[in-house]
Amino acid sequence: MKIREGYMPFKNHKTYYRIVGENKGKKKPLVLLHGGPGSTHNYFEVFDKIADLDDRMLIMYDQIGCGNSYMEGDEKYFNADTWIKELIALRDHLGLDEIHLLGQSWGGMQAIWYALEYQPKGISSYIFSSTLSSAKQWEEEQHRRISYMTKEHQEALKIALETGNYDNPAYLEALDVFMMNHCGPTINDDSPECLTRKKVAGKKSYVVGWGPNEFTPTSTLSGYEFTDRLHEIKEPCLITNGQRDLCSPLIAKTMYDNISNAEWELFQFSRHMPFVEENDKYIRVLIEWLNKNDYVY
């Protein structure tokens, strides 16, 4: 398959992008928005096979503040407005007039925000992967999960939240257990290279954008609340999540119940990255969805 890499000028900096396959005009390209904020495109490389299996072009990129788009300082850029304008600029830069848009975790939040606040043209469908429509509901669901942990771990997390000390070893141990239970995936010698590859994570953009951890949204995205407006999205939407996902079945169902033109696929054996943990099934479901909705709404 053909793979091209490049950089787009953005905010006196540059945004890295990676294009897999070719746009032959018959099928709409798939643009992928990674999570975090502050993760990278790396894990999306497990989708590369779609270029051959479905004869479709894929575009993934590292958002400003992480990966190959890492930058020092300029924390003023770590907010939804900047990240969405980066997406708009990338579509323009690459001539992506008609696309499918998949957002995972924070990337799904970004896609929902983009759909409702910017009303973009040329979107054949949205895929909301392990994401959310309400920061408040997300916080509540993570604390519900914490209530099932051992008393020692619950106490360590409680103390950290009360004191603001997120360096305590007991807290870090409890956080690791929580993330292993609900985020994952498990990385080992058999994992795809894109998951084990060294990367520059945007730790600062995560803290500035979201907060110290998944259950404490305190930063620029803490006011994210779009559940009551989901009905305004008219394009076809596919909602996906794992049974043990940070995006709990309740969170996924909330989005499904409020979007009129939606389908929902729950992955039984997955956490926060079903496209990794149940890759074959996810690829099959996604290809079927893309072909069923390969038109501009």
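Every read-out reported here was derived from the displayed coordinates using simple, explicitly stated rules and does not represent laboratory data. Bear in mind that the values here come from a model prediction, so they are computed numbers and not experimental data. Cβ atoms come from the backbone with ideal geometry, glycine included; neighbour counts cover every protein chain shown.
Explain nothing, just compute: Karplus ³J(HN,Hα) = 6.51 cos²θ - 1.76 cosθ + 1.60, θ = phi - 60°, for every residue of the range 262-275 in order, whole Hz, x for Gly and Pro.
10, 10, 9, 10, 9, 9, 5, 10, 10, 9, 7, 9, x, 5
Reachable aspartates and glutamates from Lys292, Cα under 13 Å, same-chain residues fewer than 8 places away excluded?
By straight Cα distance, Lys292 reaches Asp54, Glu235, Glu263.
If you take the C-alpha gyration tensor of the range 244-287, multiply each eigenvalue by 5 and take the square root, what semi-axes do you get, largest first, in whole Å?
That gives 19, 14, 6 Å for the three semi-axes.
Hey, which of these cross-link pairs are over 27 Å Cα-Cα: Lys76/Lys158; Lys49/Lys203; Lys27/Lys76; Lys24/Lys49?
Lys76/Lys158; Lys49/Lys203; Lys27/Lys76
At 7 Å along Cα-to-Cβ for each site, give me the label-to-label distance between Ala170 and Gln268 in nm.
According to this spin-label approximation, the distance is 4.0 nm.
Starting from a Cα-only point model with no solvent, please compute log10 I(q)/I(0) by Debye for the range 191-297 at q = 0.10 1/Å.
These q points yield log10 I(q)/I(0) values of -0.39.
Place a +1 charge on the Cβ of each Lys and Arg in the chain and a -1 charge on the Cβ of each Asp and Glu, then give the dipole magnitude about the Cα centre in debye, rounded to the nearest 20.
560
Out of all DSSP beta bridges with both ends in the chain, state the antiparallel percent to the nearest 5.
35
Taking K and R as +1 and D and E as -1, what net charge do the other residues with C-beta under 12 Å from the C-beta of Ala160 add up to?
-3
Rounded to whole Å and sorted largest first, what semi-axes of the equivalent ellipsoid does the C-alpha gyration tensor of the chain yield via the square root of 5 times each eigenvalue?
Three semi-axes, in Å: 29, 21, 19.
Compute the FRET efficiency between Asp190 and Lys14 as 1/(1 + (r/R0)^6), taking r as their Cβ-Cβ distance and R0 = 25 Å, and round to the nearest 0.05.
Taking R0 as 25 Å, the efficiency between Asp190 and Lys14 is 0.15.
When the helix-only estimate is applied to the chain (DSSP H runs of n ≥ 4, each -39,500 (n - 2.57), divided by the residue count), what is the mean residue ellipticity at 222 nm, nearest 500 deg cm²/dmol?
-10000 deg cm²/dmol
Express in whole angstrom the spacing between the alpha-carbon centres of the range 225-294 and the range 142-167.
Using only Cα atoms to place each centre, the spacing works out to 29 Å.
What is the distance, in nm, between label points placed 7 Å from the Cα along the Cα-to-Cβ direction at Asp97 and at Glu225?
4.0
Among 160-172, 193-205, what's the highest-first ranking by average C-beta atoms within 10 angstrom per residue?
Packing order, densest peptide first, comes out as 193-205, 160-172.
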